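Asker: To start, I am sharing the structure in question, which I have written as structure tokens.
Values quoted throughout were computed directly from the atomic coordinates according to the rules given, and no laboratory measurement underlies them. The model shown is predicted, which means the values in this text are computed figures rather than measured ones. Cβ placement follows ideal geometry from the backbone for every residue including glycine, while neighbour counts extend to all protein chains displayed.
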Amino acid sequence: MSDVRARGFERRTTVPAALAILARRTAPLDAETVPIEQAAGRVAAADVRARIAVPHFARSMMDGYAVVAEATLGASPYHPQPHQIIGTARPGRPAQLAGPVEPGQAVNITTGAPMPAGADAVVMVERTEPMSATRDGAGAVAVTAPVSPGKHVGTIGEDIESGSVVIAKGRRIRPQDAGVAASAGIGALEMVRRPLVRIMITGDELLAPGQLPTGPHIVDSNSLVLAALIDRDGGVVETIDRTPDDPAAVRESMTTGTADVVLVSGGSSVGPEDHAPVILAEVGQVAVHGVAMRPASPAGFGFIPDGASRERIVFLLPGNPVSCLCAYEFFAGPTIRTLGGRSRHWPHLRRHVRAASKLVSVLGRTDYMRVILSDDGVHPLMTSGASILSSTTRADGAIIVPDEHEGHAAGELVEVLLYGDQEP
């Protein structure tokens with residue numbers, strides 16, 4: 001790679017070409033065993049099969065009496081069928097009986113309790129009349145409506161069959177998925193490992209968040225934005241390094257540690273203190289530096305050998321806040337999601353709205369336009385500087401104009417990526 005400092009970019013890679021390189025060189029990470037309590041939000045590395053049937057015993061679906069269905073034939077309010085109560089069954093406490101339930105006998109039972117042997121139906125309590133009873137639940141009850149075999153009985157495996165796939169490989173685990181897996185006797189799952197991400201914030205002028213800026217110093221906001229985006233995309237922040245504009249410090253931060261991905265914020269352009277691209281070329285490979293896009297044209301990425309078959313992926317993100325956000329969304333975000341087993345697609349909810357005015361772009365350049373939604377359609381945000389981070393809070397979302405388009409005419413239907421709203 002040629003040193004572009006103080007000279008500028010001779011050419012820029014198109015966004016589709018840069019994305020194609022990343023797609024070819026990234027794949028989900030290896031699997032790791034994760035306790036069921038920590039599975040939600042992770043991606044299954046293999047099919048998960050039920051260890052048992054759910055339910056694994058026949059159970060009552062109503063409060064009432066477990067009976068032999070045949071003995072209730074002809075029952076009505078005018079011809080009640082008397083049944084001797086021989087016991088009780090409650091959830092977790094099966095009926096303690098001398099033998100199977102026989103015709104003319106009944107077990108007082110509540111929803112979820114195991115069906116006693118011999119009984120094949122449950123009569124709802126509303127379809128019975130008390131005849132006599134004792135303090136221990138014995139006595140008799142009159143059945144006033146017939147039931148068919150299996151009525152109000154949950155059968156073995158009616159929810160999940162033993163050995164069936166309850167979570168397919170590649171599925172992102174939702175809370176209800178974890179609940180189903182737990183009900184099927186699963187205590188741990190094989191999940192795609194979450195990628196470890198190091199955030200490198202470079203610049204002598206930067207202060208940590210929470211400090212009051214004075215003199216020539218400004219507060220680092222990019223680390224907060226990047227950390228939240230990494231969490232959204234399923235990654236784990238390994239460290240946040242605030243690195244001075246010193247080649248040795250940049251090299252150490254870029255090459256040490258166990259991170260799968262390094263995000264370098266700042267120091268990636270063509271200034272004399274922009275050391276990151278040169279150091280990346282020395283310790284590994286710069287695959288792309290300079291992209292035909294607006295904002296974030298100085299963005300880039302490369303790879304550092306990290307073991308026999310692994311590569312550490314390093315993203316060169318501009319220091320200007322909006323450019324940093326834009327470069328992350330286009331390149332780092334899809335890569336982190338891929339490493340963690342998720343979809344490369346942007347996770348934003350989308351809305352199709354008509355352009356209220358002309359949206360201008362340039363052939364050969366991909367544009368990331370911040371926009372505002374109103375009753376008459378979508379408008380470009382007037383403040384468009386790459387250093388104006390507050391523009392992303394005033395905007396409702398963004399429109400991506402591909403490099404083969406010159407923009408959108410007024411009245412044309414456009415797709416808006418909504419800020420703050422994500423696909424599940």
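Asker: Build a GNM of the chain with springs between Cα atoms under 10 Å: which of 408, 348, 217 gets the top mean-square fluctuation?
Answerer: Of the options given, 217 has the highest mean-square fluctuation.
Asker: Provide the percentage of antiparallel DSSP beta bridges, counting only those with both residues in segment 59-154; round to the nearest 5.
Answerer: Once the DSSP bridges in segment 59-154 are tallied, antiparallel ones form about 80 percent.
Asker: What's the ranking of 395-403, 280-288, 156-164, 259-267 by average number of surrounding C-beta atoms within 10 Å, highest first?
Answerer: 259-267, 395-403, 280-288, 156-164
Asker: Quick one: Cα centre-to-centre distance for segment 177-210 and segment 53-99, in angstrom?
Answerer: Using only Cα atoms to place each centre, the spacing works out to 49 Å.
Asker: Can you say what percent of the DSSP beta bridges in the chain, counting only those with both residues inside, are antiparallel? Round to 5.
Answerer: Antiparallel bridges: around 70 percent, rounded to the nearest 5.
Asker: Turning to a different aspect of this structure: Using only Cα atoms and rounding to the nearest 10 degrees, what angle (0 to 90) does helix 15-25 make with the longest principal axis of the chain?
Answerer: The angle comes out near 60 degrees.
Asker: Now a separate question. Sorted by mean Cβ packing within 10 Å, highest first, what order do the peptides 22-35, 191-204 take?
Answerer: Top of the packing list down: 191-204, 22-35.
Asker: For the chain, take the longest principal axis of its alpha carbons; what is the angle in degrees between that and the long axis of helix 222-232, to the nearest 10 within 0 to 90?
Answerer: Value to nearest ten degrees: 30.
Asker: Now, a different point. Using Cα pairs under 8 angstrom and six or more residues apart, how large is the relative contact order of segment 348-422, in percent?
Answerer: 49
Asker: Can you run phi through the Karplus equation (6.51, -1.76, 1.60; θ = phi - 60°) for segment 405-411 and list ³J(HN,Hα) in whole Hz, with x for Gly and Pro?
Answerer: Ordered by residue, 3J(HN,Hα) equals 10, 9, x, 9, 6, 4, x Hz.
Asker: Let me have the relative contact order for the chain, percent, based on Cα pairs under 8 Å that are six or more residues apart.
Answerer: Relative CO of the chain lands at 17 percent.
Asker: Also: Counting other beta carbons within 10 Å of each residue's own, what order do 394, 42, 172 fall into, fewest first?
Answerer: Ranking 394, 42, 172 by Cβ neighbours within 10 Å, fewest first, gives 394, 172, 42.
Asker: Could you sort 57-67, 92-102 so that the peptide with the highest average Cβ count within 10 Å comes first and the rest follow in order?
Answerer: Per-residue Cβ counts within 10 Å, averaged per peptide and sorted highest first, yield 57-67, 92-102.
Asker: Still on this structure, I have one more. For segment 59-154, calculate the relative contact order in percent as a whole number, restricting contacts to Cα pairs under 8 Å that are 6 or more residues apart.
Answerer: 41
Asker: Determine, for 220, 120, the number of other Cβ atoms within 10 Å of each Cβ, and report the residues in order from fewest to most.
Answerer: 120, 220
Asker: While we're looking at this one, here's another question. Which residue, 183, 76, 357, tops the fluctuation ranking in a GNM of the chain built on C-alpha contacts under 10 Å?
Answerer: 76
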